[in-house]
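Q: Dropping a structure here in structure tokens format, bear with me for questions.
Read-outs: derived from the displayed coordinates by stated rules, not from any lab. Note that the structure is predicted; figures quoted are calculated from it, not measured. Every residue, glycine as well, gets a Cβ built from its backbone with ideal geometry; the counts of neighbours run over all protein chains shown.
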Amino acid sequence: MASKASEPKKEVRVPVSSDNDLVTARREGRFMAEQLGLSSSEATLVATAISELARNIVSYARNGEIHICLINNGVRRGITIVARDEGPGIADTKLAVQAGYSTSGGLGLGLPGVRRIMDEFEINSEPGRGTTITITKWTRR
Amino acid sequence: MAVPILKQSHYLIATIQSVLTDADLVHLRDALVDRVGKFRSRGVIVDVTSLDVLDSFASRTLRDIAYMIRLRGAQTVIVGIQPEVAFAMVQLGLTLEDVATALDLEEGLAYLDQQSRHGQQGV
């Protein structure tokens, strides 16, 4: 099918280096989630998850990027968010996603909470090599 | 964008009017804690009706506001948490713990009136 001018955006990249960028990332995420056809509640979950991931970038790595894309695996459609930074990395990723774990005096709800509200969650990190977190929410049916 | 704080008799009303950065929230916290003394306010209402995301930082900061205001001798009530925001908070496991909440501004004012009546009766 030929692409039309009105065709919705399939992906957006938001550079993240300050708390202003969190607002942009949240807004883009909500917009994309609604474009995908997620309910308002689900779009809020996606926007909240993005907020947590983007804040981790600002707090721990200073600079990074939130990459949001609409995907289709042939069976289902979904929204994937990749949060990538080249910060200090996480030595123990298993520990980082455990409830109650926090190194920043936060609530320790960030990553475990994000994992709980998304359908898929993957974290790749090495000390000194940065962190990449990939989360996905699928549409129902 | 800074959050306007309105003084209404013994209360302060902060209405969050748009998307809020972390810095705005921290600024709001400090301003409220300061003004509750300046105006000798008995209660603070934080209206979050137009907030479409309340994440862990925002929840923590709202809690901090309520606790700091309590230490200054006044009451805080958070009003206007939207249904989707409430859903996301519950899913994420975020809580405001024992911070008072009310449906909207009207209910928030009623709550503060009730609290100050109790205070006067020494209950």
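Q: Only counting other Cβ atoms within 10 Å, I'd like A:137, A:94, B:7 sorted with the fewest neighbours first.
A: Working: A:137 20, A:94 9, B:7 12.
Lowest to highest Cβ neighbour count: A:94, B:7, A:137.
Q: Name the lysines eligible as straight-distance cross-link partners of residue B:38: C-alpha to C-alpha under 28 Å, and not fewer than 8 places from it in the same chain.
A: Within reach: B:7.
Q: Counting each DSSP H run of 4 or more residues in the protein assembly as shown as -39500 (n - 2.57), what helix-only mean residue ellipticity at 222 nm follows after dividing by all residues, to the nearest 500 deg cm²/dmol? Don't skip to the answer; put the middle values down first.
A: On the way: 8 runs with 107 residues, N = 264.
Computed ellipticity for the protein assembly as shown at 222 nm equals -13000 deg cm²/dmol.
Q: Another one. Can you give me the Kirkwood hydrodynamic radius for chain B, using every pair of distinct Cα atoms, in Å to one decimal? Could the numbers behind the result be given before it?
A: Working: mean 1/r = 0.0694 Å⁻¹.
For chain B, inverting the mean 1/r across all distinct Cα pairs yields 14.4 Å.
Q: Calculate one ³J(HN,Hα) per residue across the stretch A:69-77 by plugging θ = phi - 60° into the Karplus curve 6.51 cos²θ - 1.76 cosθ + 1.60, and present them in order as whole Hz with x for glycine and proline.
A: Values, residue by residue: 9, 8, 10, 8, 9, x, 10, 10, 9 Hz.
Q: For the stretch A:16-57 and the stretch B:1-15, what is the centre-to-centre distance using only Cα atoms, to the nearest Å?
A: Here the answer is 28 Å between Cα centres.
Q: So, one more: Compare the peptides A:37-46, B:108-117 by average per-residue count of other Cβ atoms within 10 angstrom and give them in order, highest first. Don't skip to the end; give the middle numbers.
A: Numbers: A:37-46: 20.9, B:108-117: 16.7.
Per-residue Cβ counts within 10 Å, averaged per peptide and sorted highest first, yield A:37-46, B:108-117.
Q: Oh, and also: Let me confirm one metric for peptide B:80-92, namely the mean number of other chain beta-carbon atoms within 10 Å of its residues' beta-carbons. The partial results should precede the final answer.
A: Numbers: counts 0, 0, 3, 3, 9, 4, 2, 8, 12, 3, 0, 9, 12.
Mean inter-chain Cβ contacts per residue within 10 Å come to 5.
Q: Sticking with this one: Report, ordered by chain and residue number, the lysines lying within cross-link reach of residue A:94, taken as a straight Cα distance under 25 Å and ignoring same-chain residues fewer than 8 apart.
A: Hits, sequence-local ones excluded: A:137.
Q: Could you work out the Kirkwood radius for the protein assembly as shown, taking every pair of different alpha carbons, averaging 1/r and inverting it, reported in Å? Before the final figure, lay out each step's value.
A: Working: mean 1/r = 0.0510 Å⁻¹.
Across the protein assembly as shown, the inverse of the average 1/r is 19.6 Å.
Q: Fewest Cβ neighbours within 10 Å first, please rank A:75, A:14 accordingly. Intermediate values should be presented prior to the final figure.
A: Numbers: A:75 7, A:14 22.
So the residues, fewest neighbours to most, are A:75, A:14.
Q: Suppose we keep just the DSSP beta bridges with both residues in the protein assembly as shown; what percent of those would be antiparallel, to 5?
A: Details: 34 of 47 bridges.
Once the DSSP bridges in the protein assembly as shown are tallied, antiparallel ones form about 70 percent.
Q: Another question, then. Highest GNM mean-square fluctuation, chain A, Cα pairs closer than 10 Å: which of A:74, A:29, A:128?
A: A:74
Q: Same structure again: How many Cβ atoms of partner chains, on average, are near each residue of A:39-51 if near means within 10 Å of its Cβ? Mind dumping the intermediate values first?
A: Working: counts 2, 5, 8, 4, 3, 12, 6, 2, 6, 14, 5, 2, 8.
Per-residue shielding by partner chains comes out at 6.
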